[in-house]
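Okay, structure first, notes after.
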């Protein structure tokens, strides 16, 4: 049997050190691509009058699902990884609303009533647990 340093199983990258660094990096890269697509749709001339509404709805449908894919199975997720995922989400909303990137994240989440990524992960875990 061949020893490998890393392999992919059900969408999660597992390595020989027991960390999920690769999964988080790939999830962030894929989320940034989704984020760019959402912003492109929201900025279309035809959708300009409903830009923010469309951007928020697409973020809930597409960006959250990409960021939180398989989150109900995350056992011991590093707080640092959650923070990185949260930064992607906050960066998207800053771009959508056109606020400076230096704006504090708490200002964005509080003003827009956006659930934190950590809370979303916890909700997914609870829903999985209680749906059985």
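Laboratory data are not the source of any read-out in this text; all were calculated from the coordinates shown. Since the structure is predicted, the reported quantities are computational estimates derived from the model, not experimental observations. Cβ coordinates were reconstructed from backbone atoms using ideal geometry, including for glycine residues, and neighbour counts include every protein chain displayed.
Quick rundown of the values:
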{"quantity": "Matching residues, the stretch 1-35, being in contact (Cβ under 8 Å) with a residue 40 or more places away in the chain and within 23 Å of residue 94 (Cβ to Cβ)", "calculated": "24, 27, 28, 31, 32, 35"}
{"quantity": "Looking only at the stretch 9-25, and only at residues there that are touching a strand residue (DSSP E or B) at 6+ places or on another chain (Cβ under 8 Å) and assigned to a loop (DSSP other than H, G, I, E, B), the one that is farthest from residue 78 (Cα to Cα)", "calculated": "16"}
{"quantity": "Members of the stretch 61-83 found to be surrounded by 16 or more Cβ atoms within 10 Å (Cβ to Cβ) and either closer than 18 Å to residue 36 by Cα or free of Cβ contacts under 8 Å to residues at least 24 places away in the same chain (or both), listed by number", "calculated": "62, 63, 64, 66, 67, 68"}
{"quantity": "Residue 38 vs. criteria free of Cβ contacts under 8 Å to residues at least 24 places away in the same chain, surrounded by 14 or more Cβ atoms within 10 Å (Cβ to Cβ), touching a helix residue (DSSP H, G or I) at 6+ places or on another chain (Cβ under 7 Å) and part of a helix (DSSP H, G or I)", "calculated": "no"}
{"quantity": "Filtered residues of the stretch 108-121 (kept if within 18 Å of the chain's Cα centre (by Cα), more than 17 Å from residue 84 (Cβ to Cβ) and part of a helix (DSSP H, G or I))", "calculated": "110, 112"}
{"quantity": "Qualifying residues in the stretch 84-107 (those that are surrounded by fewer than 15 Cβ atoms within 10 Å (Cβ to Cβ) and closer than 23 Å to residue 41 by Cα) - the one nearest to the chain's Cα centre (by Cα)", "calculated": "87"}
